[in-house]
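These notes concern the structure reproduced below.
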Amino acid sequence: MNQMRAIDRIDTSPRFTDHDAIRLNRMFRGSETEEWLRAVIEGNLAGDTAAVSSFGAESAVLLHLIAQIDPATPVLFLETGKHFAETLAYRDALVEQLGLTNLVNLHPDLEELQAKDETGLRWSYDPDGCCEIRKVKPLAKALANYDASFTGRKAFQAATRANLPRFEIDTSDDQGRLKINPLIDWSAEDIDAYFEKHGLPRHPLIAQGYPSIGCSPCTSKVAAGEDPRSGRWKGWDKTECGIHTPGEEETDLPPGYEPFL
C-alpha cells in the first residue's frame, strides 16, 4: 500500500510539480485505467479532485468510470448559455443514470457578459474572447478549490493531443494543479466497446454527424474520415476553447514525460 502513496508533500504552493507528475506516470506504467484511477481516487493521491465534463460525444465513459469508484466526485459542467438543447437533456439523463450526486454547473459572470457580449454574438467575430468569458474564467475560478482535475481528452481526437501523458501539470496558472487524462491512451474502438459493455447512452447528436460536440454556434457536422474535432470552430485557426492551454497541446513535453505510460 505504501507504493500507492505516491507523493509525500507539504501543503504549500505549488501543489504539484513536473516531478510529481512524472512519478505518477511511472508508478502506474502498464496499469489498466480502472485500476490506477481507483488507486488515485480512493488513495487520495491527487488531493481534492473534480472531473471536468462537457457531456459531449464520449463523456459517458469517463463519468461511468468515476461513478463506479466515487459517485460523489464533483463533476464540473460549463453552462455557457450556448449549448445544444440535446446536450443539456443528455447531461441530466446521464447524471441520473450513473447516480452522480455532485454535478456543479458553472456560469459565466453576468456583469462581464453584459459588458463584453451583450448581444450574445461574440462567438461570431471573436471566438477566443467568447470562450474566455463563458468557459475559461468560470472554470479557472472553480478549479482554484481543487488539487487536480480529470479530463476526457484522448490521443485519437486530434494531432495536438497525440503525445499527452496520463498525468501532467495544469499550465493555466502557477498553482501546480494536476491534470489527469484517464482516457488519453484509449482508441475509438476502446470507447465504443465500453459503451456497449456497460449499456451507456449515446449523445443524440452523434447520429446526426457530430462526433465532437461543444457550443452550438461553433460546432459543425464532420464528414467521414475527417478529424473528429474538425467540426469545432470551423473556418477559424482555433482547435481548443482555452481550457487546455496551447503549451499542454504541444508534442514537446518536459524531460521525463512519456506518453501512455
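The values are calculated or read from the model by the stated rules, or taken from the named source; none is laboratory data. Keep in mind that this is a model prediction, so the values were computed, not measured. Every residue, glycine as well, gets a Cβ built from its backbone with ideal geometry; the counts of neighbours run over all protein chains shown. All accessible areas refer to the heavy atoms of the entire protein, side chains included, with ligands and DNA or RNA removed. Shrake-Rupley method; radii C 1.70, N 1.55, O 1.52, S 1.80 Å.
When region 40-68 is filtered for residues that are surrounded by fewer than 20 Cβ atoms within 10 Å (Cβ to Cβ) and more than 29 Å from Thr80 (Cα to Cα), the ones remaining, listed by number, are Glu42, Gly43, Asn44.
Each row is one residue, and each column tells you yes or no for (1) open to solvent by less than 20 Å² (accessible area, probe 1.4 Å); (2) in contact with an Asp or Glu (Cβ under 9 Å, 6 or more places away or on another chain); (3) closer than 23 Å to Ser172 by Cα.
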| position | (1), (2), (3) |
| --- | --- |
| Thr87 | yes, no, no |
| Leu94 | yes, no, no |
| Val104 | no, no, yes |
| Glu118 | no, no, no |
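Tallying residues that are surrounded by fewer than 18 Cβ atoms within 10 Å (Cβ to Cβ) and either within 19 Å of the chain's Cα centre (by Cα) or at pLDDT 90 or above (or both) within region 201-229 yields 10. Are any residues in region 119-139 without any contact (Cβ under 8 Å) to a residue 12 or more places away in the chain and outside any helix (DSSP H, G or I), and if so, which ones? Answer for region 119-139, where residues must be without any contact (Cβ under 8 Å) to a residue 12 or more places away in the chain and outside any helix (DSSP H, G or I): Thr119, Leu121, Asp126.
What are the residues in region 115-131 that are modelled with pLDDT of 95 or more and closer than 16 Å to Glu79 by Cα, if any? Within region 115-131, Asp117, Gly120 meet the criteria. Listed by first and then second residue, the pairs with beta-carbon distance under 8 Å, at least 6 apart or on different chains, first residue in region 79-91 and touching a residue at least 60 places away in the same chain (Cβ under 8 Å) and within 18 Å of Arg232 (Cα to Cα), second open to solvent by 40 Å² or more (accessible area, probe 1.4 Å) and hydrophobic (A, V, I, L, M, F, W, C), are Lys82/Trp123.
Residues in region 23-78 that are over 25 Å from Ser212 (Cβ atoms) and among the hydroxyl-bearing types (Ser, Thr, Tyr): 1 in all.
Evaluation of Leu103 against the conditions (1) touching a helix residue (DSSP H, G or I) at 6+ places or on another chain (Cβ under 8 Å); (2) free of Cβ contacts under 8 Å to residues at least 12 places away in the same chain; (3) not small (Gly, Ala, Ser) shows that the sole unmet condition is (2).
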